[in-house]
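The values are calculated or read from the model by the stated rules, or taken from the named source; none is laboratory data. This structure is a prediction, so every number in the text was calculated from the model and none was measured. Note that each Cβ is placed from the backbone with ideal geometry, even for glycine, and that neighbours are counted across all protein chains shown. Accessible surface is based on the protein model in full, side chains and every heavy atom, while ligands, DNA and RNA are left aside. Shrake-Rupley method; radii C 1.70, N 1.55, O 1.52, S 1.80 Å.
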Amino acid sequence: MINGRPEPLAKAVAYRQLVGPDERGPAVSEFLSAHGEQGATALLSRLRTAVTACADGFTATGGDGPSTYTGVKPLPPVKAGDDALAYQVTGDFEGEPVPLVFHLVRVGGTVATFYTANFEDGRTPELPPALLTAQVTKLS
(Lines give C-alpha, C1' and ligand atoms only; values in the text may rest on other atoms or scores of the structure.)
Protein backbone atom coordinates (compact mmCIF):
# COMPACT_ATOMS: atom_id res chain seq x y z
CA MET A 1 0.00 0.00 0.00
CA ILE A 2 2.82 2.40 0.81
CA ASN A 3 4.01 2.58 -2.80
CA GLY A 4 0.51 2.44 -4.30
CA ARG A 5 0.85 -1.08 -5.70
CA PRO A 6 -1.11 -3.42 -3.44
CA GLU A 7 -1.12 -7.12 -4.18
CA PRO A 8 -3.00 -8.66 -5.74
CA LEU A 9 -2.75 -5.93 -8.37
CA ALA A 10 -6.00 -4.25 -9.37
CA LYS A 11 -7.62 -4.69 -12.76
CA ALA A 12 -8.46 -0.98 -12.78
CA VAL A 13 -7.72 2.00 -10.49
CA ALA A 14 -9.19 5.48 -10.09
CA TYR A 15 -7.68 8.21 -7.90
CA ARG A 16 -8.82 11.54 -6.55
CA GLN A 17 -7.96 14.04 -3.86
CA LEU A 18 -10.66 15.10 -1.37
CA VAL A 19 -10.48 18.43 0.48
CA GLY A 20 -13.01 20.31 2.59
CA PRO A 21 -14.78 23.46 1.39
CA ASP A 22 -12.34 25.69 3.28
CA GLU A 23 -9.34 23.48 2.34
CA ARG A 24 -8.32 23.26 6.01
CA GLY A 25 -7.29 20.05 7.65
CA PRO A 26 -5.51 17.20 5.99
CA ALA A 27 -6.23 16.37 2.38
CA VAL A 28 -7.50 12.84 1.83
CA SER A 29 -6.42 10.71 -1.11
CA GLU A 30 -8.96 8.17 -2.33
CA PHE A 31 -8.10 5.18 -4.49
CA LEU A 32 -10.77 2.92 -5.93
CA SER A 33 -9.39 -0.38 -7.13
CA ALA A 34 -11.22 -3.20 -8.88
CA HIS A 35 -9.90 -6.65 -7.95
CA GLY A 36 -12.87 -8.98 -8.24
CA GLU A 37 -14.34 -10.25 -4.99
CA GLN A 38 -11.71 -12.94 -4.40
CA GLY A 39 -8.82 -10.53 -5.02
CA ALA A 40 -10.35 -7.76 -2.88
CA THR A 41 -10.90 -10.19 -0.01
CA ALA A 42 -7.32 -11.43 -0.34
CA LEU A 43 -5.99 -7.85 -0.32
CA LEU A 44 -7.60 -6.99 3.03
CA SER A 45 -6.55 -10.34 4.49
CA ARG A 46 -2.92 -9.79 3.47
CA LEU A 47 -2.96 -6.27 4.89
CA ARG A 48 -4.29 -7.51 8.24
CA THR A 49 -1.38 -9.95 8.37
CA ALA A 50 1.10 -7.19 7.43
CA VAL A 51 -0.22 -4.79 10.09
CA THR A 52 0.59 -7.41 12.73
CA ALA A 53 3.88 -8.53 11.19
CA CYS A 54 5.17 -4.96 10.75
CA ALA A 55 4.18 -3.62 14.17
CA ASP A 56 7.81 -2.79 14.96
CA GLY A 57 8.47 -1.12 11.60
CA PHE A 58 9.81 -1.94 8.14
CA THR A 59 11.66 -0.50 5.16
CA ALA A 60 10.01 -0.01 1.76
CA THR A 61 11.71 0.69 -1.54
CA GLY A 62 10.06 2.94 -4.09
CA GLY A 63 10.92 5.37 -6.85
CA ASP A 64 12.68 7.70 -4.38
CA GLY A 65 14.73 4.93 -2.80
CA PRO A 66 14.23 3.24 0.57
CA SER A 67 11.92 4.69 3.22
CA THR A 68 11.92 3.71 6.88
CA TYR A 69 8.74 3.25 8.91
CA THR A 70 9.06 2.88 12.66
CA GLY A 71 5.76 1.20 13.47
CA VAL A 72 2.33 0.04 12.36
CA LYS A 73 -0.76 -0.15 14.53
CA PRO A 74 -4.38 -1.05 13.86
CA LEU A 75 -7.07 1.63 14.18
CA PRO A 76 -10.83 1.21 14.57
CA PRO A 77 -12.31 0.80 11.08
CA VAL A 78 -15.39 2.60 9.84
CA LYS A 79 -18.54 0.44 9.85
CA ALA A 80 -19.22 0.36 6.11
CA GLY A 81 -19.10 -1.97 3.12
CA ASP A 82 -18.57 -5.73 3.25
CA ASP A 83 -15.27 -5.49 5.13
CA ALA A 84 -13.11 -2.67 6.50
CA LEU A 85 -9.62 -2.20 7.87
CA ALA A 86 -7.82 0.84 9.29
CA TYR A 87 -4.24 1.30 10.43
CA GLN A 88 -1.53 3.87 11.06
CA VAL A 89 1.99 3.66 9.73
CA THR A 90 4.55 5.97 11.32
CA GLY A 91 7.16 7.21 8.89
CA ASP A 92 10.30 9.21 9.39
CA PHE A 93 10.70 12.51 7.54
CA GLU A 94 14.00 14.23 8.22
CA GLY A 95 14.12 12.73 11.72
CA GLU A 96 10.55 13.65 12.64
CA PRO A 97 7.69 11.13 13.01
CA VAL A 98 5.04 11.36 10.31
CA PRO A 99 1.82 9.42 10.92
CA LEU A 100 0.13 8.02 7.80
CA VAL A 101 -3.43 6.77 8.20
CA PHE A 102 -5.10 4.27 5.87
CA HIS A 103 -8.76 3.23 5.85
CA LEU A 104 -9.80 0.51 3.41
CA VAL A 105 -13.36 -0.54 2.73
CA ARG A 106 -14.32 -3.46 0.50
CA VAL A 107 -17.62 -3.46 -1.37
CA GLY A 108 -17.84 -6.66 -3.40
CA GLY A 109 -14.75 -6.72 -5.60
CA THR A 110 -13.94 -3.01 -5.19
CA VAL A 111 -11.63 -1.63 -2.51
CA ALA A 112 -11.86 2.03 -1.53
CA THR A 113 -8.61 3.17 0.09
CA PHE A 114 -8.52 6.49 1.94
CA TYR A 115 -5.15 7.89 2.97
CA THR A 116 -3.96 10.98 4.82
CA ALA A 117 -0.77 12.10 6.58
CA ASN A 118 0.27 14.68 9.16
CA PHE A 119 3.58 16.39 8.35
CA GLU A 120 3.04 19.19 10.87
CA ASP A 121 3.07 17.95 14.45
CA GLY A 122 3.24 14.15 14.65
CA ARG A 123 -0.37 13.67 15.82
CA THR A 124 -2.50 10.99 14.20
CA PRO A 125 -4.61 12.64 11.48
CA GLU A 126 -8.32 11.83 11.57
CA LEU A 127 -10.44 10.86 8.62
CA PRO A 128 -14.05 11.92 9.25
CA PRO A 129 -16.25 8.78 9.40
CA ALA A 130 -19.02 10.69 7.59
CA LEU A 131 -16.67 11.27 4.64
CA LEU A 132 -15.74 7.60 4.45
CA THR A 133 -19.33 6.43 4.76
CA ALA A 134 -20.59 8.89 2.13
CA GLN A 135 -17.93 7.84 -0.37
CA VAL A 136 -18.44 4.11 0.23
CA THR A 137 -22.24 4.48 -0.07
CA LYS A 138 -21.66 5.55 -3.69
CA LEU A 139 -20.22 2.08 -4.38
CA SER A 140 -23.28 0.19 -3.18
Given a 1.4 Å probe, the accessible area of the chain per residue, as a whole number of Å², is 58 Å²
Treating only Lys and Arg (+1) and Asp and Glu (-1) as charged, each at its beta carbon, one finds that region 55-115 has a dipole about its Cα centre, in Debye to the nearest 20, of 320 debye
The percentage of the accessible area of the chain (probe 1.4 Å, all protein chains present) made up of carbon and sulfur atoms, to the nearest whole number, is 52 percent
With x for Gly and Pro, the residue-by-residue ³J(HN,Hα) of region 31-44, computed from phi through the Karplus equation 6.51 cos²θ - 1.76 cosθ + 1.60 at θ = phi - 60° and given in whole Hz, is 10, 10, 10, 9, 10, x, 4, 5, x, 5, 5, 5, 4, 5
Karplus ³J(HN,Hα) for region 125-140 (6.51 cos²θ - 1.76 cosθ + 1.60, θ = phi - 60°; Hz, whole; x = Gly/Pro) runs x, 9, 9, x, x, 5, 5, 4, 4, 5, 5, 5, 4, 5, 7, 6
Of the candidate values (i) 22.6, 76; (ii) 14.6, 42; (iii) 15.7, 53, the one computed for Rg and Dmax of the Cα atoms in Å from this structure is (ii)
Helix-only [θ] at 222 nm, the chain, -39500 (n - 2.57) per DSSP H run of 4+, per residue, nearest 500, equals -6000 deg cm²/dmol
With the 8 Å Cα cutoff and a minimum separation of six or more residues, region 1-123 has a relative contact order in percent of 24 percent
The set of residues whose placed amide H lies less than 5 Å from the amide H of A80, leaving out same-chain residues fewer than 5 positions away, is none
One finds the C-alpha centres of region 72-140 and region 28-53 to be spaced, in Å, by 12 Å
